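Take a look at the structure set out below.
FYI, it's all coordinate maths here, none of it is from the lab. From a predicted model like this one, the values you see are computed outputs, not experimental measurements. Cβ coordinates were reconstructed from backbone atoms using ideal geometry, including for glycine residues, and neighbour counts include every protein chain displayed.
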Amino acid sequence: MGVRWTRRFSSSPRTTSYADTLPNLKIGAHTRVLFQGFTGRQATANVKESLEWGTKIVGGVKPGVEGEHLGLPVFPSVKVAQEKVKPDASAIYVPGNQTAQAIEEAIEAEISLVVAVAEHVPIHDILRIHSMLQTQSKTRLVGANCPGIISAIGKCRIGFQPLPCFAPGNVGIVAKSGTLSYETVASTTRAGLGQSLCISMGGDVLAGTNFVDALKIFEHDADTEGIILVGEIGGTAEMDAAEWIKDYRRRTADPKPIMALVGGLEAPPGRIMGHAGAWAAPGEPDAQTKYQALERAGAVMVNHPEKFGEGMKTLLGNRATRPGTSSIFGVGSQKRGFHTIRRVTPTSHPAAQQKRNLYIKQFQALDILKQKSIPINETASSSDGSISISVDRTALSPCIVASPGTEFEPARSRKFPFSYTLASFENNSVIPEVLSHLGLPASAQDKLAGLVQALWEIFKEKEAFVLETRIGLSTEGNLEVHGAHFGFDDAAYRSAGRQEEIHSLRNKAEEVPEEVEAEKDGIVYITLQGEGSIGTLVNGAGLAMNTVDALTIHGGHCANFLDTGGKATSETVKSSFRIICSDPRVKAVFVNIFGGLTRCDMIAEGIIMAFRDLDMQVPVVVRLRGTNEELGQKMTPPSRAMSDPSAELQSTLRDLAIGKKGPVQDISRPITSKASDSTTSKPSKKPVADSWEDEANSSSDDEPATKSNLAISAEGPLDPPPTPISPQTSYPWPGGAGSASPAAGQKDPARRPEKQTAVAGRLIAGALGIRAPKRTEEQRAYDRSVKEQEIRRRNREREELAKAKEEEERAKASVWTD
């Protein structure tokens, strides 16, 4: 079963283009929000939270039904809602297989902003939607597969972002990853900066709003003084952003500071890292290439989102002291649209072969081509070039990718985008261009057109996301295919139930058993090669990638990438532990959670279930942030004495633990701004590390980083099991729900709220005897300057506090005297 053809919807004359819908992203207190899928469980919970926060919600849609829900009107269609309450935006809360239809309805009703949060939206459904969007100038799309868009200043949330992290401020944030955007938001909140507008690009192959779109909004937004961009592997959006940043800094006298991060620096080549879009198509750059491009463009790069807050505060402080100065790229005041920017050709290594479940074997791909009457020669000794049909993420359309070589090297590959509505390549002007780029003779043009036509038909009929072929000329001068590599969209089958025939070709027996087992529970698990002593359990693909990046950069050896998935349950968490611990290399597990849809209490319940039901024999470090974090932290045991440990386990505990012993160490801390901390916390007697490197290197370079003020250890299952799980339950360990936390005599592990992941990395490194990497003299000097700056800042805060107290006492004395 294929997908439907495109229609044009906007009833208004087409006078501009989709690019002119950019101002629709400027949401705020004025924005009237409609919900599609209004009465569903997730939408209902989200509406309650958003209303309480201050979002102006005017009702919702349930097809064919009129009534009332949560005191708001329910409309039978978006068109009726548009006529009666005039919404400015629509939040789409329907499953992935229904998302395209819901977006289509909103486009037809000319809703200004449409936010689609669902994951597993079939690629071809979104290709069809983008072909519609390009024909109109009324509707702007954010998503799909994203947490949404939120204005902290205007108290307008269209999505499922964890609200406690947000504070009104001056930093604009755009991110692919939801969880990494939450980390970024929390960091800027702790730094006392807050946020102006936060836009999610989302993790799908095709994004309704990309980095450059968001950067244009932030450039002209008076509320935004600093900009943060969070990217990852897959696509070329970061490269496009780098070119925009370079041009912006060249033409602007006093540019707004821009910081950035790229997740997936340590991702194994050829793997799809959780997000549907976290893979490199033929000719696309790797994460390191993106990092370097952004850095060369002038963005200040970090390797962990916790560094954004203090980094941006420093950059904004420096900018304030030099008004009117020009950027390092020169002075200029002219504005330039993105369509005039020079495009860069990525210089990364070609992407390795993707190991996606829905890639079929070469003989199967060749059989499909034979059914299209394409000449095949599997015994050819050499090929003349490569040709592919894939997705152009910038043009938001399908494209031909041609390379004169047998590999899709970025420097030699060229994309030729075309409309999703195109029916035939016969007499199409793109074919001669492709022929010329491949260096083939004019006599091969008709055969090339026939091959491209066959690939395009397969691409649409069977909902592929990439079809690669190696081609050459026979001794008779005829074009023939020498090899093929075909990949198909799993969402079309798993979400919409389409393409069963092509997906029946999958042979799970040839795949990694643990990865297949994880897939049954909706978990994305990838085994990483090497020593692999640290297991990771993370929610969100972006955060999972960055967790592996950060631990690896600082000397750790991760055994796996694991994303619990957006629909994780306590059973999912328990299954995750079982899969992680089935790897004999794993010596410790790091649980790193920042929940939006994922609830921290649910994660905590899963951890408890794992220790209750599984023979857990490894130390576990837990970090819980986001939705229901306080409840989750209370449920997680801060310590528990061991009842009958083996001699080996006792030895392990002596090596690992300082202080109380327990199966789980919770290192979660509240998210508060430093301004508020300074009025309630005593100043530290010694400099506090300001980065992961400082934490990891607080010990000698020549000694293992084993010192810690936190304990991590392992023991057998909990007895008796702590059920039922509820806020009122009293657990058999100090600090559980229903008892004081921390336990009497136990030190509070919360030294610095912004160092949760850093401390976890240091703990795990110490537990495994990992030596901290040596520092250069320049790095040490930088560290000293940062620490000195921190000391000066704290001294200023103490002086200001003392001065305020003195003035208050003087005022009181004056009143008493009068």
Taking H placed 1.01 Å from N in the peptide plane, check which residues at least 5 places from SER386 or on another chain put their amide H under 5 Å from its amide H.
SER403, GLY405, ILE471
Efficiency of FRET between LYS361 and GLU433 - r from beta-carbon atoms, R0 22 angstrom, step 0.05:
0.10
Relative to the Cα centre, what is the charge dipole magnitude of region 362-488, using +1 at the beta carbon of each Lys and Arg, -1 at the beta carbon of each Asp and Glu, and rounding to the nearest 20 debye?
240
Rounding to the nearest 20 debye, state how big the charge dipole of region 477-572 is about its Cα centre with +1 on each Lys and Arg Cβ and -1 on each Asp and Glu Cβ.
200
If each residue of separation counts as 0.36 nm, what is the full-extension length gain between VAL80 and SER443 once their alpha-carbon separation is subtracted?
124.9 nm
Per-residue Cβ neighbour rank within 10 angstrom, fewest leading, VAL430, VAL589, VAL401:
VAL430, VAL401, VAL589
Net length gained if the chain between ILE791 and ARG296 were fully extended (0.36 nm per residue, minus Cα distance)
175.0 nm
Nearest 5 percent is fine: what portion of the DSSP beta bridges confined to region 65-202 is antiparallel?
45
Using a basic spin-label model with each label point 7 Å from the Cα along Cα→Cβ, how many nm lie between ILE376 and ASN478?
1.5
Taking 25 Å as the cut-off for C-alpha to C-alpha distance, list the pairs among LYS508/LYS567; LYS415/LYS460; LYS155/LYS313; LYS155/LYS574; LYS48/LYS567 that go past it.
LYS155/LYS574
For ASN560, what residues show an amide H to amide H distance below 5 Å, using hydrogens built from the backbone and excluding near sequence neighbours?
LEU528, THR536
Find out how many positive minus negative residues lie around GLY54, taking Lys and Arg as positive, Asp and Glu as negative, among other residues whose Cβ is under 10 Å from that of GLY54.
+2
For region 120-271, the dipole about the Cα centre with charges only on Cβ (Lys and Arg +1, Asp and Glu -1), to the nearest 20 debye, works out at 240
Once the Cβ-Cβ distance between THR314 and GLU808 is put in as r, and R0 is 35 Å, what FRET efficiency do you end up with, to the nearest 0.05?
0.70
